[in-house]
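Comments concern the structure below.
The values are calculated or read from the model by the stated rules, or taken from the named source; none is laboratory data. Nothing here was measured: the structure is a model prediction, and the numbers come from that model. Neighbour counts run over all protein chains shown; Cβ positions are idealised from the backbone, glycine included.
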């Protein structure tokens, strides 16, 4: 059974247990990609939540609930701030590269390649 089949058959809270399973035997989750000298994080956003937190997967993306509403870029600013705080970097080191007005976003984080495993754990624990 592939990871993709598992993620659709399980509830979001249970999916967290399967973060260790990745495509093609890679050590990193499939929502975290090393590209162009930085980390690309693929996110599925749900705005207007009670709190900002990561919780499971949605369509091969890390699901991130955001407290701020999607008005005047507030949700995007909250996403950048939450990621910067979680990975212990500045806000200028986190850039929204796609999905400015979409629920499917890609964020670039300027950290060294060696930070990959630590980065995946920090991002998955946002709000926990």
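Restricting the search to region 78-93, which residues are within 23 Å of residue 48 (Cα to Cα) and either out of contact with any strand residue (DSSP E or B) (no Cβ under 9 Å at 6 or more places or on another chain) or touching a residue at least 60 places away in the same chain (Cβ under 8 Å) (or both)?
Across region 78-93, the qualifying residues are 85, 91.
Out of all the residues in region 104-119, which are under 22 Å from residue 46 (Cβ atoms) and either surrounded by 15 or more Cβ atoms within 10 Å (Cβ to Cβ) or at pLDDT below 95 (or both)?
105, 106, 107, 108, 109, 119, listed by residue number.
Please enumerate the residues belonging to region 86-114 that are in a helix (DSSP H, G or I) and touching a helix residue (DSSP H, G or I) at 6+ places or on another chain (Cβ under 9 Å).
Once the filter is applied, which keeps residues that are in a helix (DSSP H, G or I) and touching a helix residue (DSSP H, G or I) at 6+ places or on another chain (Cβ under 9 Å), region 86-114 yields 86, 91, 92, 93.
Checking the conditions here, which among 58, 96 is in contact with a strand residue (DSSP E or B) (Cβ under 6 Å, 6 or more places away or on another chain), crowded, with 16+ Cβ neighbours inside 10 Å and at pLDDT 95 or above?
Checking each option against the conditions leaves just 96.
In region 30-41, what residues are at pLDDT 90 or above and over 18 Å from residue 93 (Cβ atoms)?
Within region 30-41, 31 is the sole residue that qualifies.
Consider only pairs whose beta carbons are under 6 Å apart and that are at least six residues apart or on different chains; among these, list those whose first residue lies in region 99-128 and is over 19 Å from residue 65 (Cα atoms) and whose second residue is in a helix (DSSP H, G or I).
Close Cβ pairs satisfying both conditions: 110/93.
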